[in-house]
1. With of a type in the set (A, V, I, L, M, F, W, C), modelled with pLDDT of 95 or more and surrounded by fewer than 22 Cβ atoms within 10 Å (Cβ to Cβ) as the only criterion, which of A32, A49 stands out?
2. Within segment 52-90, take every residue that is among the charged types (D, E, K, R) and touching a Leu at 6+ places or on another chain (Cβ under 9 Å) and give me the one that is modelled with the highest pLDDT.
3. Filter segment 297-327 down to residues that are in a loop (DSSP other than H, G, I, E, B), touching a residue at least 12 places away in the same chain (Cβ under 8 Å) and of a type outside the set (G, A, S) and give me whichever is farthest from E360 (Cα to Cα).
4. Please go through segment 35-57 and pick out each residue that is without any contact (Cβ under 8 Å) to a residue 24 or more places away in the chain and either under 13 Å from I269 (Cα atoms) or of a type outside the set (A, V, I, L, M) (or both).
5. Between a residue in segment 146-157 that is within 21 Å of R170 (Cβ to Cβ) and of a type in the set (S, T, N, Q) and any residue that is surrounded by 12 or more Cβ atoms within 10 Å (Cβ to Cβ) and at pLDDT 95 or above, which pairs come within a Cβ distance under 7 Å, given they are 6 or more apart or on different chains?
6. Filter segment 92-121 down to residues that are under 24 Å from N247 (Cα atoms) and in a helix (DSSP H, G or I), then give me how many there are.
7. If you go through segment 158-172 one residue at a time, how many are free of Cβ contacts under 8 Å to residues at least 40 places away in the same chain and either surrounded by 13 or more Cβ atoms within 10 Å (Cβ to Cβ) or in contact with a Cys (Cβ under 8 Å, 6 or more places away or on another chain) (or both)?
8. If F175 satisfies every condition in (1) touching a Ser or Thr at 6+ places or on another chain (Cβ under 7 Å); (2) at positive phi but one, which is the exception?
Amino acid sequence: MPALHPRSRSLTHVLLATAFVAGLTQATVGCARSTVTIPERLDDSTFWAMVNDLSEPGGYFHSDNFVSNELGFQYVIDELVSTTGTGGVYVGVGPDQNFTYLTALRPRIAFIVDIRRQNLLQHLMYKALIEMSSDRADFLARLFSRNWPEPPPAGLEADTLFSWLASVPRDTALFEANHAAIVNHLTKVHGFHLDGADLSSLRYVYSAFFQAGTALTYSTNAMRGFGGRGMPSYRMLMTATDQDGRNRSYMGSDEAFAILKDLQQRNLIVPVVGDFGGNKALREVGNWIRRQGATVGVFYVSNVEQYLFQQSDAWRRFYGNVSDMPLDRRALFVRSVSNRGMRRQHPSGRSSSVTSSIAELLDQFSRGRLQSYGDVVDLSRQVSPFVR
């Protein structure tokens, strides 16, 4: 994320945050009692207007971040479902790890907010491919430009499906045809306006999947070569399991993919360009949710907070933005934290997926007890450590 101008923490800011936390339960109950007006489907023009109107100008991040680097992200799913339930509003960051959470939580709507416009375009690429695909096998063939000799049977385990895909060579002509189909689906079928820079970025992302295949990693860069020592590949992420050995990824079952496809077809996964410490995107997303009488149940932040604490008072602006959002009283942050200093470390583990109560964190923030990223980690509940 780019450097941000410093701004001193004012007494007014603390008082406003305190007032928010004090009224959180009352405000949340009020939202719960009102009629939630989130539509069952957004038409294309409304969806595209939201994408543009909620977004800020794009910023910098040091990696292409084509896929996640959090191999244990499924470990928190049971807690999310049992604590917040299904049918709420989801806010997240980054690429497709969000899809796995969405298939479990089945939200009314989801917003994926990331500082990189390239992430928005990658989500549009996914949208087109998922909508055009009949099932998981068809999606993987389109994503990696492979042509199945014959369609695999339904119901295969993800690992088996990827093993079958590994024997199918990539096809340059198919890549060009698929790329053209993606652009046509977005610009003609949906009517989204993508300028030259957007189209160039879209091709760059799709090319990375073509070149690296299922070995694509977080640190892979299509221009500088492929690799990513110690980073999980797309295949590893999609065939990973939760702590009980269940594959909960959106590639884990036909049913999970069907849930994801339904959300995409109804335009209910809205990608937004936004800086967590900025002054527009998160607040506008919150305003939209508030107008619908709804509340945020889950906010997946990955490890963005770690970067915010490295940028003067960006972290204060972020928690101020979250304070301004309508939140369910049970709302949870989901974050990825280093295993250093954590209990019950996996011998080779580098990070854990953890949760924390948003209300509790904002209360600590309003009281001035949140001063470092270490304080944030201390408020996190470790479900289970896992290698990243």
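1. Going through A32, A49 in turn, the sole match is A49.
2. It comes out as E79.
3. Q311
4. P39, N52
5. As it stands, the answer is N147/A141; N147/V168; N147/D171; N147/L174, since those pairs meet every condition given.
6. 9
7. Going through segment 158-172 one residue at a time, the tally reaches 5.
8. In the conditions (1) touching a Ser or Thr at 6+ places or on another chain (Cβ under 7 Å); (2) at positive phi, F175 misses (2) alone.
The values are calculated or read from the model by the stated rules, or taken from the named source; none is laboratory data. Just so it is clear, the structure is predicted and the values come from calculations on it, not from any experiment. As a convention, Cβ positions derive from the backbone with ideal geometry for all residues, glycine included, and neighbour counts pool all protein chains shown.
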